[in-house]
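K.L.:
Before we start, here is the structure in question, set down as structure tokens.
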Amino acid sequence: MSRKNSIVNRLDNLLQAKIHCHLMNIEVLLENNVGVAEHPDIMSTIESELEIVAGFEDKRSCLLKYFSED
């Protein structure tokens with residue numbers, strides 16, 4: 001594997017991990033909406049998490065579109 005492919009693959013893995021992390025945050029908010037004192041506005045918090053996910057998905061899409069050799 002070339003250095004370029006190695007970097008692209010690792011960055012892809014990092015972006016996927018960040019996506020999954022924020023999706024898990026949403027799952028936790030949806031399943032356990034009591035006891036989350038620092039997030040009184042659940043809808044707004046979920047929307048913020050979705051915006052973060054969308055940003056990472058856009059970055060991943062660009063990475064794969066322009067730099068993936070698959």
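The values are calculated or read from the model by the stated rules, or taken from the named source; none is laboratory data. All values reported here derive from a predicted model rather than from experimental measurement. Every residue, glycine among them, receives a Cβ derived from its backbone with ideal geometry; neighbour counts consider all protein chains shown. Just the protein is used for accessible areas: all its heavy atoms, side chains included, with ligands, DNA and RNA removed. Shrake-Rupley method; radii C 1.70, N 1.55, O 1.52, S 1.80 Å.
K.L.:
Based on Cβ point charges of +1 for Lys and Arg and -1 for Asp and Glu, what charge dipole magnitude is obtained for the chain about its Cα centre, in debye rounded to the nearest 20?
P.N.:
Computed about the Cα centre, the dipole is about 600 debye.
K.L.:
If you count only protein heavy atoms with a 1.4 Å probe, what accessible area per residue comes out for the chain, rounded to a whole Å²?
P.N.:
It amounts to 77 Å² per residue over the chain.
K.L.:
Based on a Kirkwood Rh over C-alpha pairs, give the Stokes-Einstein translational diffusion coefficient of the chain at 10 °C and viscosity 1.306 mPa s in µm²/s.
P.N.:
The Stokes-Einstein estimate is 117 µm²/s.
K.L.:
Sticking with this one: Quick one: helix 42-67 against the long Cα principal axis of the chain, what's the angle to the nearest 10°, folded into 0 to 90?
P.N.:
0 degrees
K.L.:
To the nearest 10 degrees, how steeply does helix 3-31 sit against the main Cα axis of the chain, on a 0 to 90 scale?
P.N.:
Helix 3-31 and the main axis of the chain meet at about 10 degrees.
K.L.:
So, with a 1.4 angstrom probe, what is the percent of accessible area on the chain that is carbon and sulfur?
P.N.:
Using a 1.4 Å probe with all protein chains present, the chain comes out at 56 percent carbon and sulfur.
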